[in-house]
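Notes to accompany the following structure.
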Amino acid sequence: MKNYSADHPGSYSCQAWSSVWAPNLVHVLACSALVLVVIMAAMTSTMVQAVDPDQLQDFCVADLSPTNPVIVNGFPCKPSANVTSKDFLFTGLSTPATVPTTGIKATATFATVFEYPALNTLGISHARLDFGPGGVIPPHTHPLASETLYVLEGTIYTGFVSYEGVLYAETLKVGDLYVFPKGTIHFQINVGTTHAASLNTLTSQDPGLLFVANHLLASNIPDAVLETSLGINATALKYLQASVPPLEGF
């Protein structure tokens, strides 16, 4: 094999540096530091993950038994001998859900790993949203997933707030698709006069669901913190806490 350093005197390998500059300890230390930086960068690039990890087998139907002693990041797999084609079928999104006539007038039917165990390790889940006229899915976030919304029926106004505080929103009709980046606060409202519905897909088997108002005002955060954060007094805070509608469809 040709020696690049020998053919190009102006370039040096680490070995060449240490021989040519042996009297100069600074150059030897600099070379060692460079090697260490490269190794650390390679290790970091292999450790960082931004989404659910790839599965290690073609499927892993979740064993949701509460008596299963195995604890893993996800769920243990059902023995493949006990898996049938029925495990991969989910019919829960085929019909509209009953929409509450009070409160938010909307509901969600979920197909996460808890309802659809075949999704275990696959990094995906679904939800069907159903709205009465004026129905609202309040501002919320999915900390573990990005999401798309596909309108099945009606007219839906939806959008999300970026990390810079900018609102991106559109009025969608049947067949339209919209995307909400991972972790952003987003919402939906039926702006039509009839029933509306959407099919939503999320990039996690268990995306998480945090409603902004409910998780903020119905938590155990001290009142003093909330009053200062919202710029209101104790009377106004009590009013807000009592005014948050129940999430009957969730």
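Overview of values
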item	result
Accessible area of region 143-184 belonging to carbon and sulfur atoms, whole % at 1.4 Å probe	60
Per DSSP, loop chymotrypsin sites (Phe, Trp or Tyr not before Pro) in region 122-221 with at most 11 further Cβ within 10 Å	Tyr163
Distance (nanometres) between label positions extended 7 Å along Cα→Cβ at Lys173 and Tyr239	4.1
Cα-based shape type of region 104-146, given that a ≥ b ≥ c are square roots of the gyration tensor eigenvalues and the cut on a/c is 1.5	oblate
Virtual spin-label span in nm between Glu227 and Val70, 7 Å along Cα→Cβ	5.3
Within region 157-244, GluC sites (Glu not before Pro) in DSSP loop having at most 11 other beta-carbon neighbours inside 10 Å	Glu164
Gyration tensor verdict on region 104-198 (Cα atoms; rounded if a/c is under 1.5, prolate if a/b is larger than b/c, oblate otherwise)	oblate
Extension gain from Val166 to Leu210, taking 0.36 nm per residue of separation minus the Cα-Cα distance	13.9 nm
Calculated FRET value between Phe88 and Tyr150, using beta carbons and R₀ = 30 Å, to 0.05	0.90
Residues of type lysines that Lys78 reaches as a straight line, Cα spacing below 29 Å, ignoring anything fewer than 8 places off in the same chain	Lys86
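The values are calculated or read from the model by the stated rules, or taken from the named source; none is laboratory data. If you're wondering where the values come from, they're calculated on a predicted model, not measured in any experiment. All Cβ positions, even for glycine, are placed from backbone atoms using ideal geometry, and neighbour counts span all protein chains on display. All accessible areas refer to the heavy atoms of the entire protein, side chains included, with ligands and DNA or RNA removed. Shrake-Rupley method; radii C 1.70, N 1.55, O 1.52, S 1.80 Å.
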